[in-house]
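Please read the structure below before turning to the comments.
The values are calculated or read from the model by the stated rules, or taken from the named source; none is laboratory data. Just so you know, these numbers come straight off a predicted model, no measurement behind them. We place every Cβ from the backbone using ideal geometry, glycine too, and count neighbours over all the protein chains shown.
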Amino acid sequence: MAHSVLQHPLEQQDHDFLSWAESWSGLGVWCTLWDAQGQIISPTPSGAPFWKALWNHSQEFRNEISKGIRQNPERSFSIPLTDLEGLRLHGIRLQTTAGALVPNPILIVGLIVSHAPWDENLARLCSRWQLDEQVLTTWARQHPPLISDQASCVLDLVAQGARNLHLSCHQTHELTQMTDQLGRAYEELNLLYRLGSSMRVTQQPREHFQQLFDELARTTDIVAMTAILYDTEVLNPDNRLILGGEPILDAPQALRMAEALRPLVRKSSNALIINQIRDYPQLDWAQGWLEQLLAVPILRNQNCLGMLVAINQCDRQPFDSTDARLLHSVVDRSAIYLENVLLYGDINKLFISVLHALVASIDAKDPYTCGHSNRVAVVCRRLVERSRADSAMADRIYLSGLLHDIGKIGISEMILCKPGKLTNEEMTEMHRHSEVGAKILSGIKQLDDVLPGVLHHHEWLNGSGYPSGLTQAEIPWMAKVVGLADAYDAMTTGRNYRPALPIQSALAEVRRYAGVQFCPELAEVLIQLVKDGLPEELKYVKKTAAFESVYRRWQAPGQEP
Ligand SMILES: [Fe+2]
């Protein structure tokens, strides 16, 4: 059996224990730790040269200790080296806590015990066991031999202290580990709690994952992260790839990496841990910046919605199962959020389709305004995007523009489609459409915030508009946007009683009525938008399917749309 000093790695608690054992060396007590198979783990620091010198000369001596350990598996024991007074060896079995690197080691304690003249015994002892007489003599001179009774007392004290202290060291270590685990669990829970606030379905996936990445960068050693989302129906392109952490890779690299990983993580609910990139030829091209990765599929009800990839760790630490568990926890919640976002997107699409169908019914009544509402909605969106960077507001004003004339459903077709100018009575009837529209929509809770645009889009800044004669700041901003977009589209498209105005003439009218009818700031934004190609965009405003079917029904046979 091979023996060597310090052949086992030691845990901190074993080092602490050996430091305690070292304190006995002043009384001539040498301690070593052995494992249950009879192999040396480590001597105390000052005993190391002594032990080494002894067993360097005597394989038999070491075998005798190993045999003593193996023959006494349950209890402490003495090792009868010689029938003479002299070297006494005693084995003390120690307990460890679960999971210790070296379970239940044995402390071998050595003492020199003598009544008789020591030199004579020492010479016989060394001769019998082929020990290094010079080393043992030097040690004995530094630590005078104990008499037998003293030695028994010392051994009892060492045994009692060793058992208590060793267990205590391990329990302290276990407690420290539990504290660490609790700390990590708390961080994990805290992270999940904070993420809860970014899981509203109205929040864009980009914002959700960006917040997740910020939290992960703050609480873990992950260097960079990316989320790749597969849905192309509901998610806009801006939400399909999100990068976070340090900028060690760009979007094309992230997409190429995701493409390489997709077959590996597909249909697997497990995390993919790659700590040796060179083992994956499909990632060869990324070796300049990619050191380790951890990829977790975003799964919901058997559907893979995408994947989240953690890239590299500080100090090149490998990813392990603890990292995978944490990422699974956050990805599980992101999957629920994402599924809700997709469902919400579907419902929203359905809702918008219904609204488009409703709008198409007005166009069916008044073919000359065909597509008017859709174009007004687009102009509204562009006006908001150019003047206020708030995508939520742009969406709401888009709807307001789409529905601004919905009240025309309640106006007679005789008036709507009249070829000539309207009489005063007819004009009064026509003016009712904004109030009728607001009344129709007031029953739909989800459209509460678009009503101001519908009700007040014919108000003028100078107070001469309808239905309320509001002025300046009394007019809701949304209504100012819709009113300007409405007027611009009305001027630039033909009616049954007049042709379309050229674009420049329409803009001249907008300038002339800025501050009278229109908000001057919005008028300037519109003029700029027209310069930047708005009329061209309006030529390609998509008609909804519902709209097109109504439009086709209205057309005379053979007439091109
Ligand atoms: Fe109108």
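Table for the structure above
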| read-out | value |
| --- | --- |
| Qualifying position, being among the aliphatic types (A, V, I, L, M) and not in a helix (DSSP H, G or I), among 357, 310 | 310 |
| For residue 488: the one exception among (1) more than 16 Å from the ligand (Cβ to nearest atom); (2) modelled with pLDDT of 90 or more; (3) part of a helix (DSSP H, G or I) | (1) |
| Condition check for residue 507: more than 16 Å from the ligand (Cβ to nearest atom) and assigned to a loop (DSSP other than H, G, I, E, B) | no |
| Selection status of residue 45, under 20 Å from residue 158 (Cβ atoms), at pLDDT below 75 and either part of a loop (DSSP other than H, G, I, E, B) or in contact with a Lys or Arg (Cβ under 9 Å, 6 or more places away or on another chain) (or both) | yes |
| Residue 181 at pLDDT 75 or above and more than 38 Å from the chain's Cα centre (by Cα) | no |
| Long-range neighbours under 6 Å by Cβ, at least six apart or interchain, first residue surrounded by 12 or more Cβ atoms within 10 Å (Cβ to Cβ) within the range 316-329, second assigned to a helix (DSSP H, G or I) | 326/188 |
| Residue count, the range 10-33 (criterion: of a type in the set (S, T, N, Q), buried (at least 17 other Cβ atoms within 10 Å of the Cβ) and modelled with pLDDT of 80 or more) | 1 |
| Near pairs, Cβ below 9 angstrom, 6+ apart or cross-chain, from the range 412-437 (under 19 Å from residue 498 (Cβ atoms)) to any residue that is away from the ligand (no atom under 16 Å from the Cβ) and assigned to a helix (DSSP H, G or I) | 417/367; 426/414 |
| Qualifying positions in the range 211-230 - surrounded by fewer than 17 Cβ atoms within 10 Å (Cβ to Cβ) and without any contact (Cβ under 8 Å) to a residue 40 or more places away in the chain | 214, 217, 218, 219 |
| Residue under evaluation residue 526, criteria (1) more than 16 Å from the ligand (Cβ to nearest atom); (2) surrounded by fewer than 19 Cβ atoms within 10 Å (Cβ to Cβ); (3) aliphatic (A, V, I, L, M); (4) touching a residue at least 40 places away in the same chain (Cβ under 8 Å), criterion not met | (2) |
| Qualifying residue in the range 172-194 (condition: in contact with a strand residue (DSSP E or B) (Cβ under 9 Å, 6 or more places away or on another chain), without any contact (Cβ under 8 Å) to a residue 60 or more places away in the chain and farther than 25 Å from residue 314 by Cβ) | no |
| Residue list for the range 241-253, filter: surrounded by 18 or more Cβ atoms within 10 Å (Cβ to Cβ) and part of a loop (DSSP other than H, G, I, E, B) | 249 |
| Residue satisfying condition, being over 20 Å from residue 254 (Cβ atoms), buried (at least 20 other Cβ atoms within 10 Å of the Cβ) and in contact with a helix residue (DSSP H, G or I) (Cβ under 6 Å, 6 or more places away or on another chain), within set 296, 378, 384 | 384 |
| Members of the range 410-441 that are among the hydroxyl-bearing types (Ser, Thr, Tyr) and either more than 14 Å from the ligand (Cβ to nearest atom) or not assigned by TED's automatic domain parsing to the domain that holds residue 485 (or both) | 412, 423, 428 |
| Selection status of residue 140, among the small types (Gly, Ala, Ser) and not in a helix (DSSP H, G or I) | no |
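Condition check ((1) under 42 Å from the mean Cα position of the chain (by Cα); (2) over 24 Å from residue 371 (Cβ atoms); (3) within 15 Å of the ligand (Cβ to nearest atom); (4) surrounded by 17 or more Cβ atoms within 10 Å (Cβ to Cβ)) across all residues:
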residue: 394; (1), (2), (3), (4): yes, no, no, yes
residue: 401; (1), (2), (3), (4): yes, no, yes, yes
residue: 408; (1), (2), (3), (4): no, no, yes, yes
residue: 443; (1), (2), (3), (4): yes, yes, no, no
residue: 464; (1), (2), (3), (4): no, yes, no, no
residue: 502; (1), (2), (3), (4): no, no, no, no
